[in-house]
Amino acid sequence: MNDSVKQMNMGVILCRHCNAQVDTVDTDRIATFYGVCDQPECRELHSRLDIPGVVMDEE
């Protein structure tokens, strides 16, 4: 019998350029955060646009 409890993270971090899921985070409610993924195209676009770090958009 497996007594482990699986934790479900309700927050997600999406790439602001390609919408790829970067990671999930443990939050008290559903939340969407935007960052930048590791794809070279997204990193280059991010550096050219000079966009600040992570922005939170709660749903």
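Bear in mind that the values in this text are calculations on the coordinates, not laboratory data. Keep in mind it's a predicted model, so treat the numbers as computed, not measured. We place every Cβ from the backbone using ideal geometry, glycine too, and count neighbours over all the protein chains shown.
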**Message:** I want to check the label-to-label distance for T27 and E41. Put each point 7 Å from Cα in the C-beta direction and report it in nm to one decimal.
**Reply:** 2.6
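Take every DSSP beta bridge whose two residues both sit in the range 11-52, then give the antiparallel share in percent to the nearest 5. Walk me through the intermediate numbers first.
Working: 4 of 9 bridges.
Close to 45 percent.
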